[in-house]
Every structure is written in structure tokens, then in C-alpha cells.
Amino acid sequence: MAKKEAPSDLIGKFRIALLETLKKNESIENVLDLLPEVRQQWKELEPALKSFVSKDYVESQVRNFAQYSLTDEGSLLDLIISGKITVDQNSKPQIVEGEQTRDLTQDELNTYTKEIQNNVIEVTGTPHTIKFTRNYDKKVRNTLKLFNEQLRDKIVNKNDIKAALKTISQTKMDLTKEADLTQISVKRGKQFIQFTAVDPVSLTNDMLRSGEWNSVPLKQKNFTIPSELPLQGKLHPLVEMRSQFRRILLNLGFTEMFTRRYVESSFWNFDTLFQPQAHPCRDQHDTFFVAHGGDIQEQIQDGIPESFQGFALANNMASSELINRVRSAHEQGGEVAGGSIGLRYKWNPLEAQKLIMRTHTTAISTHTLATLNSGLQRIWNEQGNGDEWTHQEGGIQIKEQQQKNEHKWERGRLAKFFSIDRVFRNETLDRTHLAEFHQLEGFVVGEGLHVGHLMGIIAEFFAQIGLTEIRFQPTYNPYTEPSLEIYAVHPVLQKEIEIGNSGVFREEVMIPLGLPKGVRAIAWGLSLERPAMIQTRLQEISELIGHRVDMRWVESSALKLLHK
Ligand code: PHE
């Protein structure tokens, strides 16, 4: 008797046979026929194949084929049904085979006798006929009918004949037997290259020391799988977008304005912009009014928030001369408003003093314009940082300086400013509107600037962010003339959208701010959220900014300007 192979040897042998065959052929039709021992010892080899499959070395597919034949009993009963057994006068059964009739073999005779004893068949009448007894008639006929129709002489897929097999098994008679022809096909798997005669092992320190690493197959490392990102800080996409815009404007030679003043006076936000005090946009529907204005100086001493300090200093900067010039422009115009007839109503300083949350950063622009010809530019330091506000001792020093440096505007001077910061509007909140958003504001000031320059510089600015198809449309702003809305074709959406508003500041704005006649400012403004929403394809502004923003989105998003 051959020595029984140890299971591990058997598995090793199977593995090598599988490997070598699959190196030559892409697939094996039936792995059970791979080696003579596979079929007999399949119980031991099946788990091995499963482990190769789980490592993607190979793929396998099982097809449960079988072939059915009749048992001795089934054959005999089949002969009876088909009328091939006759019984002579002496009660001796015989088989009719074509023209011939022969006696039953001993085995057949034994079965025949047993069937009579078991009361499956009975022999009756003259001449003798064989019948199934009442108990067995239906069972036998059902089974043999199914066998003859679906199984005889066929190799069948067991899945296809489930119903027949069920009926046959229900008769509880062993009339048929099954020869298992299960076929397990195997083909190369995705990791077939990794399939070796022995399983590769992980490299260890010991292997390196002993030199064993050189002779054993080592597990391959996959260096292309992306690793998990470490948790780290991430700028909000809107902040990233702001710094991209800031870079563009700095590169174009713009200086950043000091914007750290959310709370603003109506004076800077509206009056300096030639907006009549009865203008509808000042009312509660658009503007957030700050309830406690109070005595600003007192509040500074009480250590109130910075924005209030900013306002207070801003207010100090609004010298009585400036206030009076703005008042005149509103009340009757004249020389101080470039020869305008003014707005012709009684201007009320109490209205101008009302504190509000600034509705636009254009309040910062007029504020900046007011410093240009007053010698007060020193309030910025080099970095465009407003910290030097603090070492101005209250307003006194500023006022003195202002008197000394009257008319500092030099001929041929060109100045460019921008800001990107938050503004507030008392708006109905919806998918695209919040009560606060970021405004990008810019202006260029110099002699002889006109609407042509405005259109040119705006086209250049938007080209820098990838919007090359710009269209202007006339509109109305109280403080600019002409005023132009800016439209652009969005490169991804391929449709025109409004992206900003612009204009040339009126003389009624410029001259009261202290700028000489002939010095013009071309200006524009847009919201930062608009391009950001287009870029991120977010549908709701609340997904971009505010407490409903998904931090996972912030961590994963990389906001780029439109053309990148
Ligand atoms: N202030 C305008 C706005 O809020 C924008 C603008 C700025 C328009 C400068 C003209 C000039 O939409």
C-alpha cells in the first residue's frame, strides 16, 4: 500500500501543480482532474483552493454537474412500466428484448421477488399481468417519468433540475442514483503574479541578520495605495479664495485698505457716498442699526470692542470741515460739490451719527479717499496694517497734522486700493443670501480717469481670475456716474451671470472728500461668495459659510480660482 501523504505535502503538491498549469494555461477546466488524488482528497484540498482564491491568486467557479441512473430496482420497475416484462403461465417473469425473450438474471429475479414481497408490484389475472400496487403506483410512475424526461442519458447541472430532484426524493424510493460530476474550473486571479510555490513571508529583523531574506519569497509591498491623511488644520475655502484674490490685486500694484471696522457710522457708509438721508436703502429693511451709539470717547475708555474704537477714530478723522463739505453737497451743492445743485434737503447730523453694521466696504473706500489729500496716509504702516491707529493720541494730533498738510495731492499721482472684508445686510435669508457676506472692493484714483479706464481695469482684473468674456450694463448707484453692472460668461456653466457693480465716483463724492477737481476715482465691488459658490458648485450659501458648514468638506476642499 502506498504511503499516505501528509496533508501538507498534498497541499504543497496541489499548489505546485496548480501554479505550473496556470503558468502555461490561462485556466483549468476542472481542478478535480488536475492530479489523480485531488478528487479523492478534495475535503483537504478545498480549503487550500479557497485560501488561494481569497488572496486573488486564482479565481474559481463551481458547477455542480451530475449524472443520474436507475438503481436495480428502478431498472426493473422501468422495464415493467414499459411493458418489457411478461409473466408466463407458470408465473415465471421474462424480459422481452426486441424479437427475443430471455429469463431474468439471478439479480433481476431477486429484485423482482423482493418487489412482490414488499408489495410494490402484484401479479394478477389470466394471462398474468404485472401491476403496481395502489400504494406505489403513483410514486413509481412520477419518479420514472421525471427520470426519463429530464435525466436519462444526460449530464445535468444540479441547479437546473432542483424541482425534479425534489419530487424524486419525496417518493422515498431508491429508484435513481447520482454520479457526482462536479466541475471546479480555475483561472488566473488578479494577483496571480504573486502566486509562488510557497507563501511569501513578511521580512523580519531576524531574516535580515541571518541572511534568510535572500532565499525566501518576500511579501510585496504596495507603495501606490493612498494612505490616510493625517488630521491637520485647514483654511476655509473662502479664506483661501480671499488670499488668491489678494495676491492678484497686490500683483497689479494695489494697496490693501484697513477694514477692521464692522460697525460704521451712517456718515461714512451713506453720507459721504452722496446718498440722501431719506434714501430707502438706509431703512431697516437693508441695514442693521446698532442700538447704542452713545458717547464714543467714553466707550473707548471703558475698553469697548475694537470696532467701536475704529469707529471713534474714524469719526475723529471726519473733521468738521469734511462734515460741513458733505453737508453742503447734500443741502445745496455748489463749488464744494463740483458745481452740483446738491440734493436740496435739510441735512441732519444726528442721522449721520447713527451707528450701523456697514452695508458695503465702499464706506472704507470713501474713508480712504478722504485721507489722500489730507496728509493722513500715515495712519497705515507699510504692511497695509492699521495698527498705527493706536499711537495717534485721540483725534487731536490727526487734526493738527491735517491742517499742516492741506493739499498733499501731487500732480500725476495714481493710487490703487482694494479691500476684501465682511459686510452686513438685513436681508431675507435664502439659498443664496445671508445677512453677512464678503465684499471685494477696489478703486483707482488719479487725474483724468474715465469710464474707459474703468472698463479696461475691470476686464483685466476679471481676466486674471479666468473670466475673459465681460459685458457691462448701465445701472444706477447714488454715488457713481456712469454706473455699470458687470456680467461674465462663466467658463464652466457657459452662461452669463452678474458678477459685480462699478462706476466712476461722482464729483459730489470726490470733492467734499478733499480731492482736487479733475481727480477721478473708478471703482468696483463684488461678493466673494458668488465666485466661491460657482467654483464649489454648492447650492446653498449656508453650506459655504456659517454654522452649518460641514467640517469634512472644509478639510477636503481645495478652492481654486475659476480658470485653474
Ligand atoms: N457698493 C457697491 C455694492 O455694494 C459696489 C460698488 C463699489 C459699486 C464701488 C460702484 C463702485 O454693490
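Kindly provide the set of residues from the range 230-269 that are among the hydrophobic types (A, V, I, L, M, F, W, C) and out of contact with any helix residue (DSSP H, G or I) (no Cβ under 6 Å at 6 or more places or on another chain), ordered by number.
Correct list: LEU231, LEU235, VAL239, PHE245, LEU249, LEU250, LEU252, PHE254.
Got at least one residue in the range 524-546 being part of a loop (DSSP other than H, G, I, E, B), under 24 Å from ARG246 (Cβ atoms) and within 13 Å of the ligand (Cβ to nearest atom)?
yes
Counting only residues that are in a helix (DSSP H, G or I) and of a type in the set (Val, Ile, Thr), which one in the range 327-370 is surrounded by the fewest Cβ atoms within 10 Å (Cβ to Cβ)?
VAL336
Quickly run through the range 191-209 and pick out the residues that are surrounded by 11 or more Cβ atoms within 10 Å (Cβ to Cβ) and of a type in the set (Ser, Thr, Tyr).
Within the range 191-209, THR196, THR204 qualify.
How many of the residues making up the range 510-523 are open to solvent by 30 Å² or more (accessible area, probe 1.4 Å) and within 12 Å of the ligand (Cβ to nearest atom)?
Final tally of qualifying residues: 0.
Among the residues of the range 174-199, what is the count of those that are of a type in the set (Asp, Glu) and within 21 Å of LEU10 (Cα to Cα)?
1
Is the range 489-502 home to any residue that is within 12 Å of the ligand (Cβ to nearest atom) and acidic (Asp, Glu)?
Yes, the range 489-502 contains at least one residue that is within 12 Å of the ligand (Cβ to nearest atom) and acidic (Asp, Glu).
Given the residues LYS408, LYS416, LYS404, LYS399, which is the only one that is modelled with pLDDT of 85 or more and either of a type in the set (Lys, Arg) or crowded, with 16+ Cβ neighbours inside 10 Å (or both)?
Among LYS408, LYS416, LYS404, LYS399, only LYS416 is modelled with pLDDT of 85 or more and either of a type in the set (Lys, Arg) or crowded, with 16+ Cβ neighbours inside 10 Å (or both).
Report yes if ASP56 is touching a Gly at 6+ places or on another chain (Cβ under 7 Å), open to solvent by 50 Å² or more (accessible area, probe 1.4 Å) and charged (D, E, K, R), otherwise no.
Spelling it out, ASP56 is indeed touching a Gly at 6+ places or on another chain (Cβ under 7 Å), open to solvent by 50 Å² or more (accessible area, probe 1.4 Å) and charged (D, E, K, R).
Within the range 24-99, considering only helices (runs of 4 or more DSSP H) that don't extend past its boundaries, which have at least 3 residues that are within 48 Å of the chain's Cα centre (by Cα)?
So the answer is 42-54.
Of the residues that make up the range 465-474, is at least one under 23 Å from PHE270 (Cα atoms), modelled with pLDDT of 95 or more and away from the ligand (no atom under 11 Å from the Cβ)?
Yes; the residues of the range 465-474 include at least one that is under 23 Å from PHE270 (Cα atoms), modelled with pLDDT of 95 or more and away from the ligand (no atom under 11 Å from the Cβ).
Looking at ALA179 and the list (1) in the same structural domain as VAL120 (by the TED database); (2) surrounded by 13 or more Cβ atoms within 10 Å (Cβ to Cβ); (3) in contact with a strand residue (DSSP E or B) (Cβ under 6 Å, 6 or more places away or on another chain), which single condition is not satisfied?
For ALA179, the exception is condition (2).
Is there a residue being over 30 Å from VAL201 (Cα atoms) and without any contact (Cβ under 8 Å) to a residue 40 or more places away in the chain anywhere in the range 54-64?
Checked against the condition, which is being over 30 Å from VAL201 (Cα atoms) and without any contact (Cβ under 8 Å) to a residue 40 or more places away in the chain, the range 54-64 yields no hits at all.
Take the range 117-128 and flag every residue that is at pLDDT 90 or above and either of a type in the set (D, E, K, R) or open to solvent by 70 Å² or more (accessible area, probe 1.4 Å) (or both).
Within the range 117-128, GLN117, ASN118, ASN119, GLU122 meet the criteria.
Can you work out which of the residues in the range 405-443 that are among the β-branched types (Val, Ile, Thr) and over 19 Å from GLU485 (Cβ atoms) is nearest to the ligand (Cβ to nearest atom)?
ILE420
Please identify the pairs in which a residue from the range 513-530 that is more than 30 Å from HIS433 (Cα to Cα) has its Cβ atom under 8 Å from the Cβ atom of a residue that is within 9 Å of the ligand (Cβ to nearest atom) and among the β-branched types (Val, Ile, Thr), counting only partners at least 6 apart or on another chain.
Matching pairs, first to second residue: ARG520/VAL504.
I'd like to verify a number: residues in the range 147-174 that are open to solvent by 60 Å² or more (accessible area, probe 1.4 Å), assigned to a helix (DSSP H, G or I) and within 21 Å of ASN135 (Cα to Cα), how many?
The number of residues fulfilling the criteria is 3.
The values are calculated or read from the model by the stated rules, or taken from the named source; none is laboratory data. Predicted model, so just to flag it, every value in this text is computed and none were measured. Cβ coordinates were reconstructed from backbone atoms using ideal geometry, including for glycine residues, and neighbour counts include every protein chain displayed. Heavy atoms of the whole protein, side chains included, go into the accessibility calculation; ligands, DNA and RNA do not. Shrake-Rupley method; radii C 1.70, N 1.55, O 1.52, S 1.80 Å.
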